[in-house]
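The values are calculated or read from the model by the stated rules, or taken from the named source; none is laboratory data. As the structure is a prediction and not an experimental result, all values here were calculated from the model. Cβ atoms come from the backbone with ideal geometry, glycine included; neighbour counts cover every protein chain shown. Heavy atoms of the whole protein, side chains included, go into the accessibility calculation; ligands, DNA and RNA do not. Shrake-Rupley method; radii C 1.70, N 1.55, O 1.52, S 1.80 Å.
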Amino acid sequence: LLWPASGVAAALASNKVLGWMLFPICVLTFTSVTSFLYWRSLVSIIFCILCAGYWTYIYIKWWWLVKMGYRKELSEGKAWLTRWLYRKVGLTFYASPASPLPPPPEPTAGEVSIVRSARGTGERMTSVPPLKLEKGWPGKGQPTLIIDPTVRFQTHDGFGTAFTEASAKVLAEMSSANQERIVEAYFCRKTGLGFNIGRLHMNSCDFSDGNWSCCEKEGDAELESFTVERYEQAILPLVRRANKAAGEAVKLFASPWSPPAWMKDKPQMCHGGKLKPEWAATWAKFYVKFAEALKGKGLPLWGFSVQNEPQAELSWENCLYNHDEERDFIRDHLGPALKGSGMDLKLIAWDHNRDDLFLRAHTIYSDPVAAEFVYGMGWHWYGDPRYEWWADAAGMACFENVAHVHALRPDKHLWVTETCQELGPHIGDWTTAERYAESIIRDFNNWCEAWVDWNLVLNEFGGPNHKGNECSAPIIADTARDRVLLQPSYYAFGHFSRYIHRGAQRVLCSSSRDCLLATAYINPDGSLVVVVLNQTEHYKDFDLMVGGKVARAQGLPHSITTYIISAKDLDAK
């Protein structure tokens with residue numbers, strides 16, 4: 001009886017008309033079952049059969065309404081269960097203990113090197129036997145991936161992560177050996193992911209140790225009290241370790257979550273509020289001071305985003321800008337300040353979700369003065385109703401908006417600036433890995449040039465977060481057990497970041513089956529990299545065709561596979 005009752009409650013929440021239609025049948029079901037239990041009459045049996053048939057119909061036809069009505073509760077329940085199973089039972093699902101990755105395979109002429117990860121197989125970026133690449137054509141009706149290296153698109157700039165205060169403090173709680181293991185797992189090209197971009201939060205964010213600003217003195221128009229010494233406690237030492245592991249300086253950009261509280265119309269950094277017009281020039285100067293301070297620390301910035309999530313009024317740090325306000329702040333204050341700094345600082349606008357990406361880009365690029373100061377647009381991946389309970393069920397992922405922005409201004413650049421899975425650590429969740437792979441492929445195929453994830457590492461609870469907004473990260477550090485877990489999302493990143501190098505160019509890649517989602521790049525050394533995602537339950541053999549040559553490949557269910565082809569096998573280098 002609880003099931004139909006919950007169905008009615010969910011239906012009432014989602015569709016009141018349907019809910020009231022179900023109410024009488026709930027009463028009839030209760031009456032029929034009760035009469036059968038007490039009297040077992042023929043009439044009660046008939047009514048029970050009719051009710052069972054009706055509820056079967058409701059389940060088939062309307063169960064989606066129940067799921068929609070309880071999306072938040074279902075998502076939170078799943079997240080709580082995975083946390084509990086790890087903490088109490090030690091169940092890690094598809095996560096694995098940290099260990100160095102093997103060196104990337106060297107492609108051999110006439111062969112296709114293969115690296116694969118697949119759900120339920122134990123394969124995690126595992127090298128499998130290479131395929132023969134021979135002259136020929138795909139079989140009739142055979143699923144085919146066609147790669148044309150002569151048709152080229154955008155140039156790849158790299159992959160990265162965020163050096164949050166939370167990540168730095170979690171890292172500091174681990175043993176020295178595990179600290180090195182985590183840093184190298186991200187930034188070392190031979191045994192890790194080879195990340196080369198880093199994001200910093202300017203002032204505090206939700207993944208900080210409380211609210212704080214680099215300039216706490218109220219009314220300090222000249223920013224004489226400005227300091228970044230707090231960053232030296234944990235964040236900047238982590239950046240230096242990343243540079244050492246990468247063997248080069250990581251490209252750094254910074255994003256503000258909120259100005260100091262005294263610069264806002266609400267005298268607090270959290271719960272929304274806007275920048276006071278009289279402090280706009282001082283706030284623009286704040287960016288320059290931050291860049292100068294980090295340069296003085298030996299860690300020069302590449303650039304900034306204007307504002308993290310300028311339309312999000314949440315319980316943690318934020319500052320709201322509508323489309324006109326961000327454009328005007330760039331044009332009248334921030335753009336001139338950065339240009340006048342002499343540090344060649346780049347500026348990324350928007351830094352929020354894809355759904356409104358095109359509208360923000362259209363507004364800013366329509367103003368030639370504002371557009372001149374902007375390097376490009378950045379966005380976050382949140383809003384996909386398959387993964388976020390709060391997203392509009394009609395769909396807010398809007399991958400095609402990225403291509404529309406490119407069509408609007410082909411000379412500008414496109415970066416993903418933040419991604420993570422909400423509601424806790426999601427330890428061992430393979431679905432999150434497939435989300436990463438799908439989003440990377442779709443965004444790259446729509447002209448994205450760089451991809452930057454959110455927290456570098458989080459603890460076993462998905463924190464610390466001073467507002468309880470726990471999330472997932474590709475690496476989870478169990479601080480209680482001094483244990484490092486590589487999530488499936490870590491390996492998903494590796495299928496791209498280890499093989500698609502900075503300076504690579506995307507090339508034409510076409511699939512004859514929807515289940516084979518793919519992208520392809522030519523590296524600066526001339527090697528070809530193809531990454532294929534199969535999110536279905538089906539095995540799907542296919543032909544990989546490049547320049548008149550074909551390799552017979554296999555797509556395992558729920559797998560991510562990277563194919564590497566030597567430059568010698570390509571018609572055009």
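Filtering region 236-284 to residues that are under 18 Å from E325 (Cβ atoms) and among the basic types (K, R) leaves K264, K266, K274, K276. If you go through region 339-361 and keep only what is touching a residue at least 24 places away in the same chain (Cβ under 8 Å) and in a loop (DSSP other than H, G, I, E, B), you end up with S341, M343, L345. Residue-level analysis places K295 among those that are part of a helix (DSSP H, G or I), open to solvent by 30 Å² or more (accessible area, probe 1.4 Å) and within 25 Å of F163 (Cβ to Cβ). Taken together, A168, A162, A185 contain a single residue that is touching a helix residue (DSSP H, G or I) at 6+ places or on another chain (Cβ under 7 Å), within 22 Å of S472 (Cβ to Cβ), at pLDDT 95 or above and small (G, A, S), which is A168. One residue stands out among those in region 541-573 that are among the acidic types (D, E) and part of a strand (DSSP E or B): the one that is least open to solvent (accessible area, probe 1.4 Å), which is D543. Scanning region 77-108 for residues that are surrounded by 12 or more Cβ atoms within 10 Å (Cβ to Cβ) and part of a strand (DSSP E or B) turns up just one, S96.
Considering region 478-505, the residues that are among the small types (G, A, S), under 29 Å from S566 (Cβ atoms) and open to solvent by less than 10 Å² (accessible area, probe 1.4 Å) include one that is nearest to the chain's Cα centre (by Cα), namely A492. Do we find a residue being under 17 Å from R331 (Cβ atoms), open to solvent by 50 Å² or more (accessible area, probe 1.4 Å) and modelled with pLDDT of 95 or more anywhere in region 354-366? Checked region 354-366: at least one residue is under 17 Å from R331 (Cβ atoms), open to solvent by 50 Å² or more (accessible area, probe 1.4 Å) and modelled with pLDDT of 95 or more.
Residue under question is Q307, and the condition is that it be open to solvent by 30 Å² or more (accessible area, probe 1.4 Å) and of a type in the set (S, T, N, Q); does it hold? So Q307 does not fit the description; no.
Filtering region 168-208 down to residues that are outside any helix (DSSP H, G or I) and aromatic (F, W, Y), which residue is farthest from A246 (Cα to Cα)? Residue satisfying both the conditions and the ranking: F207. When every residue of region 444-456 is checked against the conditions, at least one turns out to be among the aromatic types (F, W, Y) and in a helix (DSSP H, G or I).
Pairing residues of region 434-445 that are on the phi < 0 side of the Ramachandran plot with residues that are assigned to a helix (DSSP H, G or I) and not aliphatic (A, V, I, L, M), at Cβ distances under 6 Å and at least 6 apart in sequence or on separate chains, gives Y436/S489; I440/F496. When W64 is tested against the conditions (1) at pLDDT below 80; (2) assigned to a helix (DSSP H, G or I); (3) over 30 Å from A473 (Cα atoms), the lone failure is (3).
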